[in-house]
Amino acid sequence: MDLVQKIIERAKSNKQRIVLPEATEERTLRAADRVLAEGVADLILIGNPDEVHSLAQQWGLTNIDKATLIDPENNPKAEEYAALLTELRKKKGMTIEKARELMKNPLYLGCMIIKTEGADGQISGALSTTGDTLRPALQIIKCAPGISCVSGAMLLITDKEQYGEEGILVMGDVAVTPMPDANQLAQIAVCTAQTAKSVAGFEEPRVAMLSFSTKGSASHEVVDKVVEATRLAKELDPSLQIDGELQADASLVPAVGAKKAPGSKIAGRANVLIVPCLEVGNISYKLVERLGGATALGPILQGIARPVNDLSRGCSVDDIYKMVAITACQAMDAKK
């Protein structure tokens, strides 16, 4: 069974309640129909119910009635949610009038449903920007305890079984924080290791903090940042298996790791790769995908108290379907 199928089966085994706030968007509705048909998750669709049903009929989708539909313009909990948003954001000048308007925004409404424990996760982005997806999540759900930095992980699935976890690696950050400081980089390491557990199913994440230097082979302030981040990550999670700074070959190839970082428990065995900045992460995964033939799955947003994931506006039905399963796996882990 390949990794994607394992993720889907894990989601089916403990169905979570996932919000799709862009319910009238065609790809989203088609993905929802497939999710409901296959029992991957319980869905909450936000949109005008008459329009959703009309579109489902037009496109021949027969499972949408299995979802919970919430109309943002006629929601019986609107006033309750507006009052809570006003309280959450009063120090930022939130008024009840503004809150009432925001509760008609499906992305804000979905996050409030999660905040009040009516759902476990949310996915948007087929129509919305990353900023529009993240803003309500950070304002309402907020970051996980001890975390102040949101980041994005990418699953890299390769045919090189000698590397990572039988050819599978998890890389972060590839999506959110352009130039993390040492503290932020440490948080990214901890969160990416958690994603490796909850989504990729790694029993033992082994984290390599990547640099152009291995154990002092070069001297530079950006190397110092990685060394400091490694120390801070160990403080954040003393159980974390982590080492750095390591070059990419030293982190993945046993012979190189033994030569460049003798005695390291991570060198040559890493299955989680933490890059020093977003520029490196984004370039790296796309090169591995295009030149190396890897399958890149994500980005998977991490660091939020409950999972909220962002889609590319060019996403496919299959992309959304898989992201529902990924979000469900994250939601299970967030409840522990």
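Would you mind working out the accessible area per residue for the stretch 155-246, using a 1.4 Å probe, and quoting it in Å²?
Values: 3950 Å² over 92 residues.
Computed with neighbouring chains in place, this is 43 Å² per residue.
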**OP:** Mind listing the long-range amide H neighbours of CYS143? Cut-off is under 5 Å, sequence gap 5 or more, other chains count too, H placed in the peptide plane at 1.01 Å from N.
**Re:** ALA305
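If one computes P(r) from the Cα atoms of the chain, what percent of pairs lie at distances over 28 Å? Intermediate results must be reported in sequence, preceding the final value.
Working: 23919 of 56280 pairs.
Tail of P(r) above 28 Å: 42 percent of Cα pairs.
In nm, what is the difference between 0.36 nm times the number of residues separating GLU279 and SER239 and their Cα-Cα distance? Spell out each step's value before the answer.
Numbers: separation 40, 0.36 × 40 = 14.40 nm, distance 2.87 nm.
The GLU279-SER239 span can extend by a further 11.5 nm.
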Original post:
Given a Förster radius of 22 Å and the C-beta distance between LYS265 and GLU221 as r, what FRET efficiency does 1/(1 + (r/R0)^6) yield to the nearest 0.05?
Top reply: 0.25
Original post:
So what's the gap between the Cα centers of the stretch 1-56 and the stretch 285-305, to the nearest angstrom?
Top reply: 22 Å
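Can you tell me, using C-alpha contacts under 8 Å and at least 6 residues apart, the relative contact order of the chain as a whole percent? Don't skip to the end; give the middle numbers.
Working: 683 pairs, mean separation 77.3, N = 336.
Answer for the chain is 23 percent.
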**OP:** Treat each spin label as a single point 7 Å out from the Cα along the C-beta direction, and report the GLU161 to MET179 distance in nm.
**Re:** 4.4 nm
Original post:
Counting only heavy atoms of protein chains, what accessible area per residue, in Å², does the stretch 64-122 have with a probe of 1.4 Å?
Top reply: 55 Å²
Subject >> the stretch 194-255, relative contact order [Cα under 8 Å, separation at least 6], % >> reply: 43 percent
Original post:
Can you work out ³J(HN,Hα) from phi for every residue in the stretch 259-265, in order, using Karplus 6.51 cos²θ - 1.76 cosθ + 1.60 and θ = phi - 60°, giving whole Hz and x for Gly and Pro?
Top reply: 7, 8, 9, x, x, 6, 7
**OP:** Name the long-range amide H neighbours of GLY268: under 5 Å, sequence gap of 5 or more, or other chain; modelled H, no Pro or chain starts.
**Re:** SER251, LEU252, VAL253, GLY257
**OP:** Tell me which residues come under 5 Å, amide H to amide H, from ARG206 once H is placed; ignore anything under 5 positions away on its chain.
**Re:** ASN271, VAL272
Original post:
Using alpha-carbon positions, what is the distance between the centroids of the stretch 137-192 and the stretch 97-124, in Å?
Top reply: 25 Å
Original post:
Once phi is turned into θ = phi - 60°, what whole-Hz ³J(HN,Hα) does the Karplus curve with 6.51, -1.76 and 1.60 give for every residue of the stretch 148-153, x standing for Gly and Pro?
Top reply: 10, 10, 7, 9, x, 9
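The values are calculated or read from the model by the stated rules, or taken from the named source; none is laboratory data. Nothing here was measured: the structure is a model prediction, and the numbers come from that model. In this analysis, Cβ positions are derived from the backbone assuming ideal geometry, glycine residues included, and neighbour counts consider all displayed protein chains. Accessible surface areas use protein heavy atoms only, side chains included; no ligands, DNA or RNA. Shrake-Rupley method; radii C 1.70, N 1.55, O 1.52, S 1.80 Å.
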